[in-house]
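Presented below is the structure to which this report refers.
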Amino acid sequence: MKKTVSVNIKGMNFLIEEDAYELLQDYMNRLSHGLRNEKDSKDIIEDIELRIAELCTSRLNDKKQVIEIEDIQIILDTLGDPSQYLDEDDSSSQEFKETYEQKTYQHNGERHLFRDLENASIAGVCAGIANYFKIDTIIIRAIFLIMFFFGGFGFPLYVILWIVVPKAKSTIEKLRMRGKPITVDSVKEEVENAAKRFETETKSFANRLRREDHLSYRFSSIGKIIAAVVGVFLIIKGLFFLVMLMIFGVIGVRVIPVQSDNGYLSLPELAKMAVETQSDYNWGYAGVMVAGFSIVFFLLLLGIKLVFRIRNRWSRLSLISLFITGFIGSMMVLVIGLKSGRELSTYEDFEKEIGTYYGEQLTIVPELSSYANNNKFKIKSDGEWGILGIKGDKISETGIRIHYRPSSDSLFHVYQITSAHSHSHKTAEAKAKNIRHSMSIDSNVVNLNNYYTYPIADKLRIQEVEIYIEVPSGKTVKINNEVIRLGADRYSEQKMDEHYEEKGHLDGDGSYSHWD
């Protein structure tokens, strides 16, 4: 059994074996004696004590509550030999050098992210990130500027990091920020460097107070000009977003070119056809308005601050409030967007056999919708160009995909497949069955509409119609004076391969084109 003592190190209490305590006390006495002539010896010793407390804490666990002499030896090996600071002619120092065995401490180079206020322009975020990744601070600042001007989220990201990332206050935190080992040498060096920086900055500040430096005045003027230019840019950007938000969000100008009972559609009306419920639409619309106006007023207020150099507590609080409000609005939109995205997660189709035909050639005769020839406006739907129409409680879309594949017998086989997406297979199948598309076979003629309809209540769920025609060997299909013939060589090799097919597309204006 060994005797233990209770020791308080930098506000933390530890139980230490008596011989371990004596070794630690002797180490600190030698270190204090060696640094007695150093101007910043008090700060160095306090940082070393804090490091010892951290290392002692790391040696304890639920099963171990006492610091042993082996622990102290490891800790002292980590901190380094203090004998280098002792006088060579000091007999006690010679005795210490002989009894203290220095071991090599391998530092893993792990870095911690802190804000570097010593090299900061604003809050030290960029300088801290540069230290973490061991790159030039200018590169990080350039990245934030690019994100600010071209992405619009550079400033919010900087504010978030400003709030989340702690600043490097103590000497140990500064060493961790740069990935340096925490030893007596490194702590001493950091404290000395900090003192030199403080002395240099103090002299520079005193010089600026004693005389008006022309170069400093010039740089100050350039900084004011740059701030004013950036402020004007932010004000213009904010006004532009405000106009767009009012036109397309609040007023709801109808600019989507579709055929409907009420003319063109507005963006909110189109969004209503995409979200599943009225409640989702209301929450999504509210989120867009909250986020949109928060961003607009944030840009305007920040621009005004830079142009007119407004620096008061209320402006800062207003910017923070607008940022938080915009973030909340964005989260509302994100939640509704993710919920609506679930409605496209599952695919289901419904197949119907239209009929068969025995002969040499099958002719397809397209039948156009009543407005297909007159409408010149098209919107993109599921990667293909087609016309969207709204009449009563029905949505009309044009564009039919046609697939040709080998037949397993001597007959032409014609199939109609309707498909849709939803959050479940059952719902997707029901939406696919709700699609209405007219086609029929009369002798060797397939009468085929180029459009199809489905209820508005089913929403926009990538509804599609595809036609599959199985072609017997050596026979052809004719559409719009174009003859589709499955290649003789390829067909002979692939005629029993159901995966071999050729594709075409019947467009909204009645034209036919090959499709890959």
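The values are calculated or read from the model by the stated rules, or taken from the named source; none is laboratory data. Bear in mind that the values here come from a model prediction, so they are computed numbers and not experimental data. Note: ideal-geometry Cβ built from the backbone for every residue, glycine included; neighbour counts use all protein chains shown.
Only one of these is more than 16 Å from residue 421 (Cβ to Cβ), without any contact (Cβ under 8 Å) to a residue 12 or more places away in the chain and assigned by TED's automatic domain parsing to the domain that holds residue 243: 317, 302. Name it.
317
Name the residue that is modelled with the lowest pLDDT, counting only residues in segment 247-261 that are over 25 Å from residue 342 (Cβ atoms) and in a strand (DSSP E or B).
260
Here are 272, 339: which of them is surrounded by fewer than 17 Cβ atoms within 10 Å (Cβ to Cβ), of a type in the set (Lys, Arg) and within 26 Å of residue 459 (Cα to Cα)?
Within the list 272, 339, the selection yields 339.
Let's see how each residue does on (1) more than 21 Å from residue 248 (Cβ to Cβ); (2) not in a helix (DSSP H, G or I); (3) not polar (S, T, N, Q):
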residue	(1), (2), (3)
281	no, no, yes
290	no, no, yes
295	no, no, yes
301	yes, no, yes
310	yes, yes, yes
326	no, no, yes
331	yes, no, yes
340	no, no, no
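Looking at segment 369-409, which of its residues are outside any strand (DSSP E or B), within 15 Å of residue 258 (Cα to Cα) and modelled with pLDDT under 50?
Correct list: 371, 372, 373, 374, 375, 376, 377, 378.
Within the bounds of segment 262-269, is there any residue that is surrounded by 15 or more Cβ atoms within 10 Å (Cβ to Cβ) and part of a strand (DSSP E or B)?
Yes, segment 262-269 has at least one match.
State all residues of segment 432-465 that are out of contact with any Ser or Thr (no Cβ under 6 Å at 6 or more places or on another chain), in a helix (DSSP H, G or I) and either crowded, with 17+ Cβ neighbours inside 10 Å or of a type outside the set (D, E, K, R) (or both); if no residue qualifies, say none.
456, 457, 458
Would you please name the residue that is surrounded by the fewest Cβ atoms within 10 Å (Cβ to Cβ), looking only at residues in segment 468-516 that are of a type in the set (S, T, N, Q) and either at pLDDT 85 or above or farther than 16 Å from residue 410 by Cα (or both)? Spell out the reasoning first.
Of the residues in segment 468-516, the ones of a type in the set (S, T, N, Q) are 473, 476, 480-481, 492, 494, 511, 513.
Imposing the further condition that a residue be either at pLDDT 85 or above or farther than 16 Å from residue 410 by Cα (or both) reduces the set to 473, 476, 480-481, 511, 513.
Numbers: 473: 13, 476: 15, 480: 13, 481: 6, 511: 11, 513: 11.
Out of the qualifying residues, it is 481.
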